[in-house]
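Trainee: Sharing a structure, written as structure tokens. Questions coming.
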Amino acid sequence: MTEAETRELLKHRLGRIESRIAAACARATRARSEVTLVAVTKTVTDRVARLLPALGVLDLGENRPQGFWRKAEAMPELGVRWHLIGHLQRNKLDRCLTHRPALVHSVDSVRLLQALEAEAKEQSLSLPILIEVNASREENKQGFSPEEVPRLREEVAKLRHLRLEGLMTMAAYDAEPERCRGTFREVRELRERLRGEWSLPLPRLSMGMSNDFEVAIEEGATLIRLGTVLLEGLENEG
Ligand SMILES: *Cc1c(COP(=O)(O)O)cnc(C)c1O
């Protein structure tokens with residue numbers, strides 16, 4: 001595919017995704033502006049990822065620190081807001097934060113929370129984060145169980161260089177997205193509870209992927225993380 005063809009394909013897919021997002025917002029009587037599309041570029045080359053900002057997609061996500069560095073270094077001039085959405089090793093935080101991620105979605109342990117706070121202090125940042133909740137309770141998934149999260153209160157109260165803005169979750173893959181609704185609802189309800197108990201606004205809920213984003217929007221997602229539905233088949237382009 002030429003670059004022009006790739007751009008046309010992305011434009012076409014974005015148009016279809018946009019109407020699905022708008023329809024889900026309408027069903028939930030939410031404003032379209034409440035939902036941010038984060039394009040997950042982990043499977044594609046820098047060349048494909050670089051086409052997205054010009055098409056209006058400025059929020060890009062990577063799940064691995066190395067992929068994040070590489071892409072952030074390859075396109076420093078495009079005004080991208082980078083989202084870190086996957087498990088972070090503590091020895092990689094220094095280099096990750098150097099690139100000033102817009103949001104870290106995947107804080108999945110107390111040790112990571114403490115290490116991030118220390119590194120954000122070192123780099124004099126006020127870094128927005130989300131706590132990852134394993135609401136589908138799959139053993140192979142990272143994140144705190146919904147029961148553990150309220151017990152993080154003291155740790156969260158100690159933060160000076162991290163700003164906790166909400167929760168993130170990944171639903172279990174299900175051919176019937178409707179069955180993910182309970183997971184999303186549980187995370188939204190957990191957020192309501194924490195808002196009261198922790199007196200924090202917690203405005204953000206990162207939930208919904210290619211398979212289930214419409215249900216996630218109906219249940220209150222403010223960030224949806226889309227890879228496959230936007231970038232499938234472009235893995236080897238460029
Ligand atoms: C890969 C990935 C996504 C995107 O998943 P798709 O099903 O391809 O849309 C979203 N969130 C996380 C954490 C991911 O690793």
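Bear in mind that the values in this text are calculations on the coordinates, not laboratory data. Computed from a predicted model, the values in this text were never measured in an experiment. Methodologically, a virtual Cβ is constructed for each residue, glycine included, from the backbone with ideal geometry; neighbour enumeration extends over all protein chains shown.
Trainee: Which value in nm describes the separation of the simple spin-label points at Ser145 and His99, placed 7 Å from the Cα toward the beta carbon?
Mentor: 3.4
Trainee: Label Arg16 and Glu186 with points 7 Å out from Cα along Cα→Cβ: what is the distance between them in nm?
Mentor: 3.2
Trainee: If the cut-off is a Cα-Cα distance under 12 Å, which aspartates and glutamates reach Lys92, setting aside same-chain residues fewer than 8 apart in sequence?
Mentor: Cross-link targets: Glu119.
Trainee: State the three equivalent ellipsoid semi-axes of segment 43-182, derived from the C-alpha gyration tensor as the square roots of 5 times its eigenvalues, in descending order and whole Å.
Mentor: Taking √(5λ) for each eigenvalue gives 25, 22, 12 Å, largest first.
Trainee: Run the quick spin-label model on Glu3 and Glu155: label points 7 Å from Cα toward the beta carbon, then report their separation in nm to one decimal.
Mentor: Placing both labels 7 Å beyond Cα along the Cβ direction yields 4.5 nm.
Trainee: Checking the a/c ratio against 1.5 first, then a/b against b/c, what shape does the Cα gyration tensor give for segment 107-238?
Mentor: Oblate, since a/c reaches 1.5 and b/c is not below a/b.
Trainee: Taking 8 Å as the Cα distance limit and 6 or more residues as the minimum spacing, I'd like the relative contact order of the chain as a percentage.
Mentor: The normalised contact order for the chain reaches 22 percent.
Trainee: Run the helix sum for the chain: -39,500 (n - 2.57) per DSSP H stretch of 4+ residues, divided by residue count, reported at 222 nm to the nearest 500 deg cm²/dmol.
Mentor: -11500 deg cm²/dmol
Trainee: What is the spread of the Cα atoms of the chain along each of their three principal axes, largest first, in whole Å?
Mentor: 53, 41, 32
Trainee: From largest to smallest, what semi-axes in whole angstrom does segment 120-185 give when each is the square root of 5 times an eigenvalue of its alpha carbon gyration tensor? Before the final figure, lay out the partial values.
Mentor: Values: eigenvalues 160, 32, 19 Å².
Calculated on Cα positions only, the semi-axes equal 28, 13, 10 Å.
Trainee: Still on this structure, please answer the following. If the reach is capped at under 14 angstrom between alpha carbons, list the aspartates and glutamates near Lys121, excluding any in the same chain fewer than eight residues apart.
Mentor: Asp94
Trainee: From Cα pairs below 8 angstrom and at least 6 apart in sequence, can you work out the relative contact order of segment 164-238, rounded to a whole percent? Walk me through the numbers on the way to the answer.
Mentor: Values: 98 pairs, mean separation 23.8, N = 75.
With pairs under 8 Å counted, the relative contact order is 32 percent.
Trainee: Now for a separate question. Taking 0.36 nm per residue of separation and subtracting the Cα-Cα distance, what length does fully extending Arg27 through Lys92 add? Could you put the intermediate results ahead of the total?
Mentor: Working: separation 65, 0.36 × 65 = 23.40 nm, distance 4.13 nm.
Using 0.36 nm per residue and subtracting the Cα-Cα distance, I get 19.3 nm.
Trainee: Please enumerate, by chain and number, the aspartates and glutamates with C-alpha under 14 Å from the C-alpha of Lys71, excluding those fewer than 8 residues away in the same chain.
Mentor: Candidates past the 8-residue exclusion: Asp46, Asp59, Glu62.
Trainee: Please report Rg (one decimal) and Dmax (integer) in Å for the Cα set of segment 179-238.
Mentor: My reading of the Cα-based Rg and Dmax gives 14.6, 49 Å.
Trainee: To the nearest µm²/s, what D does Stokes-Einstein give for segment 28-117 at 25 °C and 0.890 mPa s, using the Kirkwood radius over alpha carbon pairs as Rh?
Mentor: Values: Rh = 13.8 Å.
Translational diffusion coefficient: 177 µm²/s.
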